[in-house]
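The values are calculated or read from the model by the stated rules, or taken from the named source; none is laboratory data. Note that the coordinates shown come from a computational prediction; the quantities given were computed from them, not determined experimentally. All Cβ positions, even for glycine, are placed from backbone atoms using ideal geometry, and neighbour counts span all protein chains on display. Please note that ligands, DNA and RNA were not included when accessible areas were found on the heavy atoms of the full protein model with its side chains. Shrake-Rupley method; radii C 1.70, N 1.55, O 1.52, S 1.80 Å.
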Amino acid sequence: MGEAVSRKRGKEENVKKQRGKMALLINGGRVVDPLLELDEPLDILIEGGRISRIAPRIEKEGVPLLEARGKVVVPGLIDMHCHLRDFNEAHKETIATGTRAAALGGYTAVVCEPNTDPPIDTLENLNRWIDTAQGNGCVNLHTKVCVTKGRHGEKLTNLKALIRRPWVVAATDDGNPVVNDQVMARAFAKAREYELLLTPHCEESPDTVQAFRRNNPLIPLPDAIAFYKREPHYVARDLGLAEKAGWRVHICHVSMAESLDLIRRARARWIPVTCEATPHHLTLTEKDARKCGPDAKVNPPLRTKEDVEALRQGLKDGTIDVIASDHAPHAPEEKARGWEQAPMGVIGLETTLGVVLTALVHPGVITLSEAIERMSSNPAKILGLPGGSLAVGKPADITIIDMDEKWVVDPRAFASKGRNTPFKGWKLRGKAYATIVGGKVVMREGELLV
Ligand SMILES: [Zn+2]
């Protein structure tokens, strides 16, 4: 209990440090807040980095105005799954370039995955990441830590020590499932003891697929690729372990209809599970992957039309709690190695909002309020972060959206170092107009102000 409290305090200090002290009046926007059940024109006054008033008409002299008439004002978007690389992979992305991409995409907070090089599996590596993040990020930053040393799935990391540090919100071996059932069962026991969220990757890693091919050279590649259909196997196992441990679990980037059915059935039995889906799994199929080439090579892979339909249904009925980008940048020359050799991952920080609005909100698959719930309120709730709502007293982390801005995805214009998007050339409708972090405008009309 004491640890949970000190962890919370650490998080609060972290937030305080990241917050500016500016006053600002956001004028005349349509305020949409799923948690407060708001969808109406309101003014928002920011003082001392927090929301100090929200009312139909606020007048306050000497406070700078941000005109939001004709725009939508929502709680700052939170991406609970992205890769900002840095360390030995600074050629792919850095905290500086990644958070600039986040601000342009309307995100006020991002959660980084721990599969950096070196991975975040020791206090030393975690401290090094925090040092880098502290000086270089222009949005709120959080990180996950590894479940096992080196993400090898064998020896648990010192979770007790790692989660005491501020910035840490969850644990995962991103990119690898923890294959060994006993090791994962021990991870769940520790997670419950330390009140730590596990966000398992129910996917087959390239390493395990390659090892399978090495050991079974006569089995043709398509059968080896069937390994990538083992997502439901790990989902079922981790739901069982969560039930046994009596502790919640958040399943990363669900991509198959069968996985969603398992999650629905688990919820009906009161197993505490949440899950996320990515914009690419909600909009693209394996056929699109073939057309697009290595820029659409991703793990879990793009699936069938039926899976995409099931995911959209799951988003609609609330089975999918979160839309996360899984922004995974690679250098263009790495992605140019051809389908077999190119690394897995697509980027998404600068396109997710536009794709969600264009493909899901405007056509009426989900409402705008439901989209904001999946991209802000729910991530905040699941991770225990202070944002996710525009309630008075909350940190002034706010996104202003132009619902009708038409634009074409041009990877050359990205702030991210990655160019690996399967949405290249897509005509989108809707874009972040301004991003406000702790009361400070960090992006406005596509221009970074940091
Ligand atoms: Zn990932």
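Annotations
- Shape class of the chain from the alpha-carbon gyration tensor: prolate, with a/c at 1.5 or above and a/b greater than b/c.
- Built amide H within the under 5 Å cut-off of residue 367, gap 5+: none
- The range 93-112-the range 387-438 distance, computed between alpha-carbon centres (Å): 10 Å
- Carbon/sulfur fraction of accessible area - the chain, other protein chains in place, 1.4 Å, %: 50 percent
- Residues whose amide H comes within less than 5 Å of that of residue 50, counting only those at least five positions distant or on another chain, are 396 (H built at 1.01 Å from N in the peptide plane).
- Anisotropy class of the range 335-384 from Cα gyration tensor, a/c 1.5 cut: oblate
- Top positive-direction residue, dipole computed over the chain with Cβ charges, set 282, 210, 84: 84
- DSSP-defined antiparallel bridges as percent of all bridges, the range 59-175, nearest 5: 15 percent
- For the range 76-134, the solvent-accessible area works out to 25 Å² per residue, with a probe of 1.4 Å and every protein chain left in place.
- Maximal additional length on extending the residue 134-residue 304 stretch stands at 57.1 nm, based on 0.36 nm per residue less the C-alpha distance.
- Sorting 48-60, 29-41, 347-359 by their mean Cβ neighbour count within 10 Å, with the most densely packed peptide first, gives 347-359, 29-41, 48-60.
- Sequence-distant residues sharing a close amide H with residue 274 (under 5 Å, placed H): 249, 250, 251
- Positive-end residue, the chain charge dipole about Cα centroid, Cβ charges, pick of 189, 302, 365: 189
- Global geometry of the range 217-326, whether rounded, prolate or oblate, following the gyration tensor of its Cα atoms and the 1.5 cut on a/c: oblate
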